[in-house]
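Take a look at the structure below.
The values are calculated or read from the model by the stated rules, or taken from the named source; none is laboratory data. Nothing here was measured: the structure is a model prediction, and the numbers come from that model. Heads up, the Cβs are rebuilt from the backbone with ideal geometry, glycines too, and the neighbour counts pull from every protein chain shown. The accessibility values were calculated without ligands, DNA or RNA, using every heavy atom of the protein model including side chains. Shrake-Rupley method; radii C 1.70, N 1.55, O 1.52, S 1.80 Å.
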Amino acid sequence: MWKRNNMIKNKIASILSDSSSSILIILLISLLSCDLISCSRNSNFFSPPTTVRASENDTGVILPCEYYLPPHYVRWFLEDEVIADSRDESSSEKYAIWQNGSLQVNDVKASDAGEYVCEVMTDAGLDSQFHSIEVQYPPSVISSMSGMVEVKIGSIFDIVCEARGVPPPMIYWRRSEDHNVTEKFKNTPRYMMEVNSNSLSGPLECVASNGVGEPAVAGIFLVVLFEPTVRAVTRFVHTKVGMRAFLECEVTSSPPAKVYWFHRNAPVTADSRNFAMSSADLNPNRTAAYYHSHKKHTLTLKNVHETQLGMYECKAENEIGLKSAHIELAGRPMPSIFKQSPVASLPTTHNLIWTTESFSPIIEYSLKFRQIPSGNILPENRGYDTKWKELTIPGETTDGPLHSIGYTLRGLMAGTVYEAAVASRNRFGWSDISKIIKFHTGYEGQPSTYPTEISQYNDIETNYFDSSPQESSLYDDNAALSLRTNCFFVFLTFLISFFVQQN
């Protein structure tokens, strides 16, 4: 302002330099050489204009008003309204004027913020001075939504919050008390996102903070709506006619889904003789971050009939979509499991042991085995016959449910790695193929010095007995994946043989 006034003074002086009215020039320059308020109002005040920062509920705030001449009276204004007058002998709990003219404001509230004017009447006339109070108070915040808000997965979600407080609050968003939302949503009253996962369910809060008091929080509980996900607890349930059987599936959804059971595409209904249906909540103590339904549904067959065997479907449906999972209730055997043989492998023989779970007698076993090539396994470079050989082994007459059998393979090649798999059949059909194992034959004059069963491979998705007994393509992928392991064992066998001969 002083720079601006100096420019004006110089301009006026240049215009009136030729005038004989020097007194007028001096007067104009004098008027411009001071601030309007300080010249007309503040020149006779000892105290300067003041801005006082206070907090709500402060006991008292003092605004000065000290004048160089004894005043006849002092009046105070708040936003053009008289709030205190020294001539008024009545007392006020809110305002008090001191002997020097200063004003005391008691029990400060947000409504006390604003511009105050001290007006003094003396022998020199009326004079005034401006002050202000800035009342700081904790933040408050409101959001455009509240309570529980449901949003479909795949949609765009948008929420806005408004914060107030002195000083102006800073805003940030969080989805839990200990996890702030990304920097993108700091100090912005708007939060917008694509709802692409049901894990976004939970509290979403707008937090306002200005350093006065505690931060203010407003927000919602976001519930993401999505179609059910259905998982069979066990996809294959082995049973026996006359037994009780349980089929179970887990369903996760929001909103909760209705579950229906089907057998061979026909709906299953609960009745007192055959079927019972029940469900259990897998999330009974629902937390703030978990708003979807997660239940296990059970179909109980009270007394299995042969006509009730077959494929069942657990189907779940809500307003968003429909999903299902299949469970086979079968009398056919469970896949066999190979056990470690206590007998060491000889150069041309190997003893295999496996167990099978079946509530009905095993009619027969189908054992397949083949030699593993030790070099390049491409068909044009194979030095061995990699086709599977199949043996049919008679079953037992026992009812089970566990059946154990051993079989010795003969006519094998010494110092060679083989792999084998087995399936079993009862009156209800063939089991799925077992996991594949590998075994190693010893050398002439030396039995194997390390375990013969090396490892079991992952389940084969395709039923082993869907292919021709002589087809090898089903297992070619497994052979390729295990090439490095095969080479290691062949090399290890060579080293053992070499050191034995040296000794």
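Among the residues of segment 235-249, not a single one is touching a strand residue (DSSP E or B) at 6+ places or on another chain (Cβ under 8 Å), over 30 Å from Arg332 (Cα atoms) and open to solvent by 60 Å² or more (accessible area, probe 1.4 Å). Pairs are defined by a Cβ separation below 7 Å, a sequence spacing of at least 6 or placement on different chains, a first member in segment 132-160 that is closer than 18 Å to Thr188 by Cα and without any contact (Cβ under 8 Å) to a residue 40 or more places away in the chain, and a second member that is polar (S, T, N, Q) and open to solvent by 70 Å² or more (accessible area, probe 1.4 Å); the pairs so defined are Val160/Ser144.
Within segment 109-138, which residues are among the hydrophobic types (A, V, I, L, M, F, W, C) and in a strand (DSSP E or B)?
Selection gives Val117, Cys118, Val120, Met121, Leu126, Phe130, Ile133, Val135.
Taking the criterion of being closer than 30 Å to Ala54 by Cα, in a strand (DSSP E or B) and open to solvent by 20 Å² or more (accessible area, probe 1.4 Å), the residues of segment 197-217 that qualify are Glu205, Ser209, Val217.
For segment 54-86, residues that are of a type in the set (D, E, K, R), surrounded by fewer than 13 Cβ atoms within 10 Å (Cβ to Cβ) and at negative phi total 1. Would you check which residues across segment 395-448 are open to solvent by 40 Å² or more (accessible area, probe 1.4 Å), within 17 Å of Pro361 (Cα to Cα) and outside any loop (DSSP other than H, G, I, E, B) and list them? Leu402, Ser404, Gly406, Arg425, Trp430 - these are the residues of segment 395-448 that are open to solvent by 40 Å² or more (accessible area, probe 1.4 Å), within 17 Å of Pro361 (Cα to Cα) and outside any loop (DSSP other than H, G, I, E, B).
Can you name the residue in segment 29-47 that is open to solvent by 40 Å² or more (accessible area, probe 1.4 Å) and within 21 Å of Ile97 (Cα to Cα) and, of all such residues, is modelled with the highest pLDDT? That would be Phe46.
Going by the structure shown, is Asp107 at positive phi and either aliphatic (A, V, I, L, M) or open to solvent by 40 Å² or more (accessible area, probe 1.4 Å) (or both)? Yes, satisfied. Across segment 48-99, the qualifying residues are those that are more than 20 Å from Ile133 (Cα to Cα) and polar (S, T, N, Q), and the one among them that is modelled with the lowest pLDDT is Ser91.
Of the numbered criteria (1) assigned to a loop (DSSP other than H, G, I, E, B); (2) open to solvent by less than 70 Å² (accessible area, probe 1.4 Å); (3) among the charged types (D, E, K, R), the one Lys296 fails is (1). The set of residues in segment 340-358 being modelled with pLDDT under 90 and among the hydrophobic types (A, V, I, L, M, F, W, C) consists of Val343, Ala344, Leu346. Entry remark, segment 328-364: residues being over 43 Å from the mean Cα position of the chain (by Cα), part of a loop (DSSP other than H, G, I, E, B) and not hydroxyl-bearing (Ser, Thr, Tyr) number 10 in total. Quick one: Asp127 ticks every box in (1) under 58 Å from the mean Cα position of the chain (by Cα); (2) in contact (Cβ under 8 Å) with a residue 60 or more places away in the chain bar one, so which box is it? Unmet for Asp127, out of (1) under 58 Å from the mean Cα position of the chain (by Cα); (2) in contact (Cβ under 8 Å) with a residue 60 or more places away in the chain: (1). Being among the acidic types (Asp, Glu), farther than 30 Å from Asn57 by Cβ and surrounded by fewer than 19 Cβ atoms within 10 Å (Cβ to Cβ) holds for only one residue in Glu115, Glu162, Glu194, and it is Glu194. The set of residues in segment 365-389 that are acidic (Asp, Glu) and either assigned to a loop (DSSP other than H, G, I, E, B) or modelled with pLDDT of 95 or more (or both) contains only Asp385.
For segment 148-175, residues that are in contact with a strand residue (DSSP E or B) (Cβ under 7 Å, 6 or more places away or on another chain) and in a loop (DSSP other than H, G, I, E, B) total 3. Restricted to segment 89-108, and to residues that are β-branched (Val, Ile, Thr) and not in a loop (DSSP other than H, G, I, E, B), which residue is farthest from Gln136 (Cα to Cα)? So the residue we want is Ile97.
For Val120, the stated conditions hold: it is within 30 Å of Phe45 (Cα to Cα) and among the hydrophobic types (A, V, I, L, M, F, W, C).
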